[in-house]
1. Considering each of Asp79, Asp69 in turn, give the residue that is at pLDDT 80 or above and acidic (Asp, Glu).
2. Here are some residues: Ala513, Ala504. Which one is more than 14 Å from Phe246 (Cα to Cα), crowded, with 17+ Cβ neighbours inside 10 Å, in contact (Cβ under 8 Å) with a residue 40 or more places away in the chain and small (Gly, Ala, Ser)?
3. Could you pull out the residue among Lys331, Lys369 that is part of a loop (DSSP other than H, G, I, E, B) and closer than 22 Å to Tyr532 by Cβ?
4. Quick check on my filter: what residues within the stretch 264-280 are more than 21 Å from Trp236 (Cβ to Cβ) and either of a type outside the set (Val, Ile, Thr) or part of a loop (DSSP other than H, G, I, E, B) (or both)?
5. In the stretch 391-404, is there at least one residue being under 24 Å from Asn463 (Cβ atoms) and surrounded by 23 or more Cβ atoms within 10 Å (Cβ to Cβ)?
6. Against the conditions (1) outside the structural domain of Gly218 (by TED's automatic domain parsing); (2) acidic (Asp, Glu); (3) touching a residue at least 24 places away in the same chain (Cβ under 8 Å), where does Asp290 fall short? Just the number, please.
7. Which members of the stretch 234-248 meet the condition of being surrounded by fewer than 16 Cβ atoms within 10 Å (Cβ to Cβ) and assigned to a strand (DSSP E or B)?
8. For Asp497, are the conditions met, namely being without any contact (Cβ under 8 Å) to a residue 40 or more places away in the chain, outside the structural domain of Ala216 (by TED's automatic domain parsing) and either of a type outside the set (Val, Ile, Thr) or over 22 Å from Leu315 (Cα atoms) (or both)?
Amino acid sequence: MLPRWLALLYLILLPLGLRAQSYEASSFERDEFQPARAFDGDGGTRWSASFKDKTAWIQVTFPEARTCDRLTIVSGIRDLKGAPRDFEILAGDAVEKLKSLKKVTGNDQDRVETRFARTAAKIWRIDVTALINDRWSPTISEILFPGADEKAVEAAIGTGRYSSSVPGLGGHEVDKAFDGDRRSRFEPADAKLPVWVQVQLDDKAEYDGVQIRHQAEGGFGVARKLEVQVLSGRRWKTVARHEGDFRDLQRVRFKPTTGTAWRIEVSELVDARPGWRPVEIDFVLLGEGDFAAEPAANPDQKKINEAIDRGMAWLQKERKPSGNWEVGNTKDYPLGVMALGALALRKSGLDRDDPVILDLVQRTEALPKQKVYSVALEAMFLRAVSKQRYTERLQALADWLADKQAPDGQWGYPDGRPDLSNMQYALLGLKAAVEGGAKVDDKVFEKAWDFAIKRPQKDGGYNYVAERKPKDEPTTGSMTAAGLAVHSICARMLPRDKTRAKAAEAPIAEALAWLDQRWVPEMNPGKGSSHYYWLYGLERVGAFFERREFGGRSWYAEGAQHLLDWQERDGSWSRRSYEDTCFALLFLNRASVTGD
């Protein structure tokens with residue numbers, strides 16, 4: 001984001017009229033890339049002109065004349081796509097009377113600062129006439145018109161000097177992780193590990209803890225293994241090691257240590273695709289105290305309802321004339337894709353007699369029954385529509401699912417190796433069918449329950465394929481939630497089976513304890529991927545076991561708050577992911593609590 005001196009300057013000038021300024025541009029690409037976003041002090045947002053435009057202008061109008069003598073432009077985009085090479089700075093008090101202050105040609109940097117004669121004007125404009133890399137249209141993440149003496153401001157703050165083993169990606173340099181602003185981050189230009197960042201202080205300082213906050217959604221860029229180091233003579237001495245943490249905010253304590261140079265070295269990430277992404281690193285001296293408590297999540301129900309409405313609107317808009325959604329899985333799982341969207345819409349509030357729901361009921365019946373996920377989701381959808389209307393169809397679906405059960409009690413796709421995920425959804429479908437009046441032989445649930453009782457991992461959780469070794473198939477939050485769902489469904493379907501209920505007590509308690517210790521809303525514990533699928537699984541466990549909290553924290557409040565933070569402007573989640581948007585809506589609606 002911004003260096004501290006610019007961030008401070010921004011805050012100082014804010015009360016002086018910046019709140020009333022207006023922004024214009026020759027064009028902008030989409031709603032999330034409007035011109036105001038290049039002036040908001042957040043390097044993570046931007047203005048981008050319509051893609052067809054290779055030249056464009058952007059301007060800000062202040063309510064009163066503003067005196068400036070320099071300009072800084074940050075493109076903040078990988079490979080300098082859309083960064084201005086040639087541009088002109090203009091200013092004046094009326095659009096028709098703007099005067100040219102400076103022309104810049106041949107720029108080749110992501111961040112460029114230029115000076116000009118001290119000028120007072122209400123309107124400040126930048127005309128971009130050529131790009132460094134014209135694969136994009138003109139794109140700017142931040143435009144700064146500082147009018148104070150930067151050296152005096154910097155000296156007053158007293159910042160450290162920061163460096164890293166890998167240069168930062170444009171707009172995400174190493175100092176962004178130490179600037180006190182959670183909206184900015186450091187992201188190395190090369191994701192190859194290990195990577196370190198360090199701070200060199202002017203004087204010795206004593207610390208006994210460090211707090212690292214990541215920009216996490218699904219584990220992207222979160223440190224899984226790291227070391228805290230201090231410079232001792234000419235060598236770096238490790239004062240703490242930290243690993244296996246799946247949290248957005250990671251806290252590490254160590255013995256009180258004094259030094260002038262401090263380093264964080266990361267050797268493994270939860271999800272390495274984007275590289276390490278710390279948004280804030282704070283070294284602290286805690287003494288007898290502890291890290292400051294994070295405020296408890298308390299999302300506003302009105303905002304949750306609005307998020308659900310936007311998500312529903314996006315789902316309905318994305319539905320094609322064929323009646324289905326065209327996504328990556330539509331070809332192989334046409335029924336599953338349709339039934340998942342239908343279930344999300346019904347659980348989000350569409351009436352059972354809404355024409356959209358009735359149309360989806362007819363269309364799902366016409367599609368072939370080929371996959372376990374698909375058939376199970378159709379049963380869940382029909383049950384969500386009505387407990388009485390579709391008993392005959394639910395019976396046919398239940399018979400199909402029961403016939404595909406493997407000898408060990410699991411389910412596959414149905415072909416190939418069985419796994420716990422298919423097993424969970426098969427049982428969810430069977431449960432829905434039974435609730436809708438279908439009959440299922442008790443032996444189906446007995447075999448499934450026997451598997452769940454015998455196959456947890458040594459740590460008490462569950463993994464995707466039980467026969468695989470932990471190093472090849474780690475225990476995860478999503479699969480531990482799946483294992484618990486299997487226990488709960490089988491117990492409900494076999495209420496008189498006291499022997500199996502007794503045998504299940506220990507594995508259930510251990511799996512719940514696993515979640516108590518490890519659950520986080522930011523990502524799937526143990527793996528990182530399948531993030532939104534994990535959240536829907538967490539919601540299911542909370543509903544089935546009537547748990548309001550895991551680890552003393554509200555799973556729904558924290559999960560809902562993160563989903564509010566992560567929702568895209570168009571109403572989708574996870575960058576327009578159909579499946580993830582459905583799972584997010586099912587979580588927000590507490591979809592596992594089924595009414596009649």
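1. Result: Asp69 is the single residue among Asp79, Asp69 that is at pLDDT 80 or above and acidic (Asp, Glu).
2. Exactly one of Ala513, Ala504 is more than 14 Å from Phe246 (Cα to Cα), crowded, with 17+ Cβ neighbours inside 10 Å, in contact (Cβ under 8 Å) with a residue 40 or more places away in the chain and small (Gly, Ala, Ser), namely Ala504.
3. Step by step, each of Lys331, Lys369 is checked, and only Lys331 is part of a loop (DSSP other than H, G, I, E, B) and closer than 22 Å to Tyr532 by Cβ.
4. Within the stretch 264-280, Val270, Asp271, Ala272, Arg273, Pro274, Gly275, Arg277, Glu280 qualify.
5. Yes, there is a match, as at least one residue in the stretch 391-404 is under 24 Å from Asn463 (Cβ atoms) and surrounded by 23 or more Cβ atoms within 10 Å (Cβ to Cβ).
6. (3)
7. Those that are surrounded by fewer than 16 Cβ atoms within 10 Å (Cβ to Cβ) and assigned to a strand (DSSP E or B): Arg235, Lys237, Thr238, Arg241, Glu243.
8. no
The values are calculated or read from the model by the stated rules, or taken from the named source; none is laboratory data. Quantities reported herein were computed from a predicted structural model and do not represent experimental measurements. Glycine also receives a Cβ, built like all others from the backbone with ideal geometry; neighbour counts cover every protein chain displayed.
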